[in-house]
Amino acid sequence: MHKTQTTVIGGGLLGMATAYGLARLGQKVCVLDEGDTAFRASRGNFGLLWVQGKGYGMAPYARWTRQAVALWPELASLLLAETGIDVQLRQSGGFQLCLSEAELAEEVRRLQWLKDELGDYPFEVLRNAQLSQRLPGVGPAVVGACYSPMDGDVNPLKLLRALHQACQLQGVHLLSGDKVMGIEAGDNGFVVTAGEQQVRSEQLVLAAGLGNRELGAHLGHAIPLQPSRGQILVTERVEPFLSHPTSTVRQTDEGTVQLGDSAESVGFDDGTSTAVMADIADRAVRSFPRLGNVRLVRAWGALRVLTPDGFPIYQSLSKAPGAYLLSCHSGVTLAAIHALRLAPWIAGKIALPEVAAFALDRFNFAPEVRHAG
Ligand SMILES: Cc1cc2nc3c(=O)[nH]c(=O)nc-3n(C[C@H](O)[C@H](O)[C@H](O)COP(=O)(O)OP(=O)(O)OC[C@H]3O[C@@H](n4cnc5c(N)ncnc54)[C@H](O)[C@@H]3O)c2cc1C
């Protein structure tokens, strides 16, 4: 039986950012991760730090996302100093490319709503001619774009590796390869069982992505999470041509180009499909015609962790005092706020009134969701 102060279930971006933040505050932390057989959004995402449009319909989430990207330089410097890993943070602003007038009008409407709510919310609307000067190589099929100086990107795999390494340097105990199958909550905290391992702790953090549905049920809470599949294509390395990320095409620090942004409800199928890949490739080539001559080298599907309204859940669980449920759909964008604000809140070091907006009880559970997991 291992004994620790806080057990974190889930070694993805959310769990590792939180574990890192807790360990920096001097907590003893143990992370349990199921490993390669689990669904792992943190290993299949697009790497954007995306702000524009986030929080449409929920202003507190827009503010939370902005706070998160403001904290990103601090997280990137800490990780570089502690691990030597440069996560390739780039906060140069990002473009949402629109291939029809209707798409552009919808994007502008959403951004205007956010500007009205937040006041300070910088963005520009560019028609194709102006856009071509800012983003050379953009195709004539792009009618226009919204630019936000708040957007950026990182290398998400380097980020995950840096968080793992930083956690280990901070003394976090990582147990990988077994799924947590049992949680017992008692007066003295929690006992978590994964394979042959048992861990006792005062606090417990559920950060298991889609696995939170099942884990929440162990503690008497229904967690309304659904998978949403995204497919991503990757090209061979090409000369640098794209100095800013766009929401559908992003050139990585290694020279490859990622193409994506599909969303499908296909249950827990994390494969790929020719039809969706063809749509993604077609849109990318219309956005940047030069990509028509570039070879694709990889493709994958991965499952997003989605709540019914798409916004995060950060909840201290009423039926299991000392346990916290964390679920989010933008774990790259939010990594810095998870490490540098959410973890201190969980450790009881700071008040964080903002998280009240992300409580679990905002959902009216449909009966089938109530019994999920
Ligand atoms: C196609 C796609 C593109 C995306 N693009 C972006 C983007 O550009 N920017 C952005 O900010 N976000 C993006 N995201 C979302 C981002 O990847 C996720 O928000 C983030 O990875 C979620 O991290 P997580 O740690 O909550 O979940 P996961 O990465 O799924 O990790 C959960 C972990 O929990 C473990 N686990 C599960 N159940 C158990 C159990 N019972 N016991 C032990 N361990 C368990 C698993 O092994 C896994 O490692 C994208 C997601 C997808 C799918």
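Miscellaneous remarks
- Every condition in (1) away from the ligand (no atom under 16 Å from the Cβ); (2) of a type in the set (A, V, I, L, M); (3) open to solvent by 30 Å² or more (accessible area, probe 1.4 Å) is met by Met58 except one, and the failing one is (3).
- Within region 307-326, being assigned to a strand (DSSP E or B) and either away from the ligand (no atom under 16 Å from the Cβ) or touching a Pro at 6+ places or on another chain (Cβ under 6 Å) (or both) holds for one residue alone: Ser316.
- Residue match in region 97-107 (condition: within 16 Å of the ligand (Cβ to nearest atom) and within 30 Å of Ala19 (Cα to Cα)): no
- Scanning region 284-294 for residues that are open to solvent by 20 Å² or more (accessible area, probe 1.4 Å) and in contact with a strand residue (DSSP E or B) (Cβ under 8 Å, 6 or more places away or on another chain) returns a single hit, Val294.
- Answer from Thr37, Thr65, Thr4 - the residue that is farther than 29 Å from Leu233 by Cα and β-branched (Val, Ile, Thr): Thr4
- Looking only at residues in region 295-340 that are touching a strand residue (DSSP E or B) at 6+ places or on another chain (Cβ under 6 Å) and of a type in the set (Lys, Arg), the one that is surrounded by the fewest Cβ atoms within 10 Å (Cβ to Cβ) is Arg298.
- A single member of Ala194, Ala299, Ala208, Ala217 is modelled with pLDDT under 95 and either within 15 Å of the ligand (Cβ to nearest atom) or assigned by TED's automatic domain parsing to the domain that holds His173 (or both), and it is Ala217.
- Scope region 20-36; condition in contact (Cβ under 8 Å) with a residue 24 or more places away in the chain, open to solvent by 40 Å² or more (accessible area, probe 1.4 Å) and within 15 Å of the ligand (Cβ to nearest atom); matching residues: Glu34
- Near pairs, Cβ below 7 angstrom, 6+ apart or cross-chain, from region 178-189 (touching a residue at least 12 places away in the same chain (Cβ under 8 Å) and among the aliphatic types (A, V, I, L, M)) to any residue that is surrounded by 10 or more Cβ atoms within 10 Å (Cβ to Cβ) and part of a loop (DSSP other than H, G, I, E, B): Ile183/Leu219; Ala185/Leu219; Ala185/Ala320
- Condition broken by Thr7, with the remaining ones in (1) among the polar types (S, T, N, Q); (2) surrounded by fewer than 22 Cβ atoms within 10 Å (Cβ to Cβ); (3) within 17 Å of Cys167 (Cα to Cα) satisfied: (2)
- Selected residue [of a type in the set (S, T, N, Q), within 19 Å of the chain's Cα centre (by Cα) and at negative phi] from Asn212, Asn188: Asn212
- When region 120-160 is filtered for residues that are out of contact with any Gly (no Cβ under 6 Å at 6 or more places or on another chain) and basic (Lys, Arg), the ones remaining, listed by number, are Arg134, Lys158.
- Qualifying residue in region 61-74 (condition: of a type in the set (A, V, I, L, M) and more than 16 Å from the ligand (Cβ to nearest atom)): no
- Test for Ala141: is it small (Gly, Ala, Ser) and outside any loop (DSSP other than H, G, I, E, B): no
The values are calculated or read from the model by the stated rules, or taken from the named source; none is laboratory data. It should be emphasised that the depicted structure is a prediction, and the values quoted were computed from it without experimental measurement. Cβ: placed from backbone, ideal geometry, glycine included. Neighbour counts: every protein chain shown. For the accessible areas, the whole protein counts, side chains as well, though only heavy atoms, and no ligand, DNA or RNA atoms are used. Shrake-Rupley method; radii C 1.70, N 1.55, O 1.52, S 1.80 Å.
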